[in-house]
Amino acid sequence: MPDYQLKIRRFDPESGEAAYWADYTAELPPERSVLDGILQVKDREDASIGIRCSCRAAICGSCGVRINGRSRLACNTKIGDAAAGARDGAITVEPMGNMPVIKDLITDMEAVHWKKVQRIVPWLLPAEEPPEGREYTVPAEAMLDVTQAMACIHCGVCVSACLSMEVDPDFIGPAALAKAYRFVGDPRDGEQETRLRDLAEDPHGIYDCTHCFACVEVCPKDVAPMDQIMRLRRRAGSDFDIKDSNNGYGHEKAFVNIVEKWGTNHEAQLLPRSFGDGSLVKGQLRPSGARQLTAELPTAFRGLRSGKVSPRKALLHPKLPDQKQVRRIFKEIESKGERLELNMYIVGESGGEEEGVMAEGGGEA
Amino acid sequence: MPQHDVLVIGAGLAGQRAALAAAGEGASVGIISKVHPVRSHSNAAQGGINAALDPQDSWESHAFDTVKGSDYLGDQDAIEIMCREAPGEILDLEHLGVTFHRNEEGRLGKRAFGGASAARTYYVADITGQAILHVLYEQLMKHDEVYRYEEWFTTSLVQNDDGRIAGAVTRNIRDGSMELFAAKAVILATGGNGQIYDPTTNALICTGDGIAMAYRIGAPLMDMEMIQYHPTTLAGLGLLITEGARGEGAQLFNAEGERFMEKYAPNKMELASRDVVSRAEQTEIDAGRGFPDGTVALDVTVVPRKRIHEALREIVNVGRDFAGVDITREPIHVKPGNHYVMGGIKTDVHGETPIPGLYAAGECACVSVHGGNRLGANSLLDTLVFGRRSGEHAARAVRATPPPEPARAALRDEERLIGAVIGRASGERRVSELKAELGKTMDKYVAVFRDEDGLRIALEVVRRLKEEARDVAIDDKGTVFNQDVLGALELEFMLDNAECTVVSAIERKESRGAQYRTDYPERNDEDWLKHITVLPNGGEPEISYSEVTLTQWQPEERTY
């Protein structure tokens, strides 16, 4: 059986010492997990290594850590794969990011994750009294649609990987917002608009996500938290026409309009259009838009001075050579009568015969 | 000293349901769990929850299936209550927000499950337990009158001089401090004991803590010999493949390509009850018709791909991540593996044990609704129905009870005990070694097929391990998250569980449900249509018996 080098980040809060790296060796088949490796070290060598773990099957969500710098569950990361992805041959295991560390690999989920979950009002607020002696009648697709968000095991791996939260610790974050979609997408909930308005108006809410895909990449349950955030935005913007005071809606609209027109982002127009719900003219004519634009002028000047922006670049933005194709995609999508939201439970009409499940987010380190 | 009318220990489905029910009755409630509630093992219940909700179906049919599934060892009064109250329980959950799968009319959708004469299993894809657990936790977050103690480990129960329950001693895992809780009633909802086996589908936390704590203060344990082996677990790791797969149409084959269930259960085939399917598989494997890794094949590819994605997504992941198999394209190797304990702390239909004020619900309890063999998708139902009943009953029963005054001495004793464990010089053997030896022994001798000789060996090993456990090595000398010392305490709980299981299995000299004795291969209603109960006597389990309650169904021969 192969030997694997494990470099574990240790921290003993009672020692008064800073965190440090400690080296261990585990001996097990490559298809076993990094968690199995850590448990073997605990079993044989040092039982004082702290890690939360329980189900060993990526169901309980206890063992979120960072392996070789990437946030993941230790139990569904194969140790052989982790070793192949390790620098200097040693697999590094450290506690999750964006959360305080309690001991070794154990983080304070309460202080960050669960506080954020509590923030989104995490219980159903039914529109009406439950029907007597029977269930609510709800479209089958709607339940499947929210099942993806229900599949979240609250492991915190996406919270650990979230780049927006690194910059803005108050960001409600991927897991809690995915949980919010579980209510917004649930036809039984009666407060969808209030929830959406709240999450849109909160400067740390749905428009605080920078669309970086980190949470989608690391989620061990294919919840795709960012997709859920985008769903919240689509519901807020398209279904309820919520125009938030932080211009999140306008920014998104501006981006879409620019891409439709040019195919790539036209930086100089993004901001003015954002202040006008996507329209350049409105953004400049509206008093609020003009005021905000003026406030942003120093940024523009700094850009000019540093050479990041040139007057030429700012005014002329070339279209993509085959911009027609981009327009065609827009037309195709806009011609649909209703929005079709696919997720991991709904894979399209045919069931996607051609692509196998092994390809979807399978675990390499 | 924290003080509550009702103290719930364990925060899986039974515990959370009990806490919400007790709070609903106006009691002040505390809920203690050694892990964060959403980490509880109820998460792992994939397939669904049974209820005769369809007007075409009836609770009597559900009850009869359960009685037959139990091999007539289940108490029929309790089974009737569970099956009657099942539809209401499902509707309550739905109204609280559980995202149950719908049919085309937008009504609750259902699937087939083993041992059932109608499709009556309601589900959320194959994450049913998780979905219900998370929705109940939503309610706990909403109802902040239920006080949550998350990541607190209960070490013992405390009684008044008159024997009434008075509280519990706990350790705050986060800072190592010990606390005495005073409570007028205590509801144990600490789950099963699968960790006494290796492999097992059970999580590492399933160490039978509550079962052992209740036993130690003299609450009788019942049906402890009845340990369920689930027919479809992965070899090696023991991870679970839901029975829902067979419910959706998946088939079992031996290495010769034969759909062997035709021989054992020609009518129900793969959907016979679990003890029957597990025995069939083990017979095939033992006869050399299994695969070299000691398994048979489960073929899920017969289920349409769209349906697999919609309804069996979790096991697609389990297959991919833990066996390297795409179950939508090829069969996956499975074998019978430890899954569930039908036995546990003996309770009445209100969840109350013979110790006044002490209740138990869920897998740690034995009402007994599962008897010799639990039907798939009846465990979630058991946790919810009897969790709620315990919570309600406890809250009402203690209204006039004066506040208990548990003796401080109990706290000091436990502090001294744990201090001694931590302070121990290096012990002979490690917790992990003892645990591994226990698990392998149980899986070898107290498994699908058992006999007197093997059981005697197991008993000898368990008793030796009990001795050795008093002196295990502890590496962690700290207070914050000292998982090492908790592991040593859990090991002692596990050994009490194992001893009671083995002793009961030796005692039952017949084959019924999950207990199959190769030396007594027949069911013997004349001598053994009774529960075996155990109580501690001088450190060893003492056997007594308890009647099986029959209401409308007389024992019959059991075929599927």
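Rounded to whole Å and sorted largest first, list the principal axis extents of the Cα atoms in the range B:135-259.
Projected onto its principal axes, the Cα set of the range B:135-259 covers 63, 37, 26 Å.
Mean shadow of the range B:307-449, computed from the convex hull of its alpha carbons, in nm²?
14.7 nm²
Mind pulling the per residue volume of the convex hull built on the Cα atoms of the range A:118-168? Å³ is fine.
Taking the convex hull of the Cα positions in the range A:118-168, it is 133 Å³ per residue.
Can you pull the mean other chain C-beta count within 10 Å for peptide B:300-306?
2
So what does the Cα-only Debye profile of chain A read at q = 0.14 Å⁻¹, as log10 I(q)/I(0), no solvent term?
The Cα Debye sum returns log10 ratios of -1.22.
If you keep only loop residues by DSSP, which trypsin sites (Lys or Arg not before Pro) in the range B:454-532 have at most 15 other Cβ atoms within 10 Å of their Cβ?
B:470, B:477, B:509
How big is the C-alpha Rg of chain B next to the rule-of-thumb value 2.2 N^0.38 Å, as a ratio?
0.91
Can you pull the percent of Cα pairs in the range B:1-123 with separation above 26 Å?
Every Cα pair in the range B:1-123 considered, those over 26 Å come to 32 percent.
Using only Cα atoms, what Kirkwood radius does the range A:86-233 have, in angstroms?
About 16.3 Å for the range A:86-233.
Which value in deg cm²/dmol, rounded to the nearest 500, describes the helix-derived mean residue ellipticity at 222 nm for chain B, given -39,500 (n - 2.57) per DSSP H run of n ≥ 4 and division by the residue count?
-11000 deg cm²/dmol
Can you list the residues of the range B:226-250 with backbone N under 15 Å from a point 7 Å past the Cα of residue B:301, pointing along Cα to Cβ?
B:250
Please report, for the Cα atoms of the range B:370-467, the Rg to one decimal and the Dmax as a whole number; what are they, in angstrom?
Cα radius of gyration and Dmax of the range B:370-467 are 21.1, 52 Å respectively.
Take the Cα radius of gyration of the range A:185-245 and divide it by 2.2 N^0.38 Å, with N its residue count; two decimals is plenty.
1.16
How big is the Kirkwood radius of the range B:1-63, worked out from every pair of different alpha carbons and given in Å to one decimal?
For the range B:1-63, inverting the mean 1/r across all distinct Cα pairs yields 13.9 Å.
Rg/Rh for the range A:198-300: what does it come to with C-alpha atoms and Rh from Kirkwood?
1.01
Write out the GluC sites (Glu not before Pro) in the range A:125-186 meeting two conditions: DSSP loop, and at most 12 other Cβ atoms within 10 Å of their Cβ.
Here the sparse-neighbourhood loop sites are A:128, A:132.
What is the Cα convex hull volume of the range B:464-548 when expressed per residue in Å³?
141 Å³
Could you pull the Rg and Dmax for the range B:409-520, using just the Cα atoms, both in Å?
Over the range B:409-520's Cα set, Rg and Dmax evaluate to 16.7, 51 Å.
Looking only at other chains, what is the average number of their beta-carbon atoms within 10 angstrom of each beta-carbon in B:523-531?
The per-residue average across the peptide is 0.
Could you give the C-alpha radius of gyration of the protein assembly as shown expressed as a fraction of 2.2 N^0.38 Å, taking N as the number of residues it contains?
Relative to the rule-of-thumb radius for its length, the protein assembly as shown sits at 0.97.
Taking just the alpha-carbon atoms of the range B:157-231, what radius of gyration and Dmax come out, in angstrom?
For the range B:157-231, the Cα-based Rg and Dmax read 14.9, 47 Å.
On average over all directions, what projected area in square nanometres does the range B:254-367 have, based on the convex hull of its Cα atoms?
Result: 10.1 nm².
Can you pull a Stokes-Einstein diffusion coefficient for the range A:73-152 at 37 °C (0.692 mPa s), Rh from Kirkwood over Cα pairs, as a whole number of µm²/s?
Rounded to a whole number, D works out at 190 µm²/s.
Which order do the peptides B:443-450, B:499-506 take when ranked by the mean count of other beta-carbon atoms within 10 Å per residue, highest first?
Taking the mean over residues of other Cβ atoms within 10 Å, the ranking is B:499-506, B:443-450.
Which value in Å is the Kirkwood Rh of the range A:1-120 over different Cα pairs?
Final number for the Kirkwood radius of the range A:1-120 is 14.6 Å.
Once phi is turned into θ = phi - 60°, what whole-Hz ³J(HN,Hα) does the Karplus curve with 6.51, -1.76 and 1.60 give for every residue of the range B:264-274, x standing for Gly and Pro?
3J(HN,Hα) across the range B:264-274, in whole Hz: 9, 8, x, 8, 8, 6, 5, 9, 5, 6, 4.
Highest first, please rank the peptides B:4-10, A:115-121, A:269-275 by the mean number of other Cβ atoms sitting within 10 Å of their residues.
Averaged packing, sorted descending, gives the order B:4-10, A:269-275, A:115-121.
Going by C-beta contacts inside 10 Å, put A:198, B:144 in order with the fewest on the left.
With the sparsest Cβ surroundings first, the list reads B:144, A:198.
What Cys residues in chain A are without a partner cysteine, judged by a Cβ distance under 4.7 Å?
When partners are defined as cysteine Cβ atoms under 4.7 Å apart, chain A leaves A:75, A:152, A:155, A:162, A:209, A:212, A:219 without one.
Using only Cα positions of the range B:192-244, each an equal point scatterer, no hydration layer, compute I(q)/I(0) via Debye at q = 0.13, 0.14, 0.18 Å⁻¹ and quote the log10 values to two decimals.
Scattering profile of the range B:192-244, log10 relative to I(0): -0.39, -0.44, -0.66.
Count, for each residue of A:116-128, the Cβ atoms from other chains sitting within 10 Å of its Cβ, then give me the mean as a whole number.
Across A:116-128, the average partner-chain Cβ count within 10 Å equals 3.
Read-outs throughout are calculated quantities, based only on the coordinates presented, and are distinct from any laboratory measurement. Keep in mind the model is a prediction, meaning the values are calculated, not measured. Using ideal geometry, Cβ is built from the backbone for each residue, glycine included, and neighbour counts are taken over all protein chains shown.
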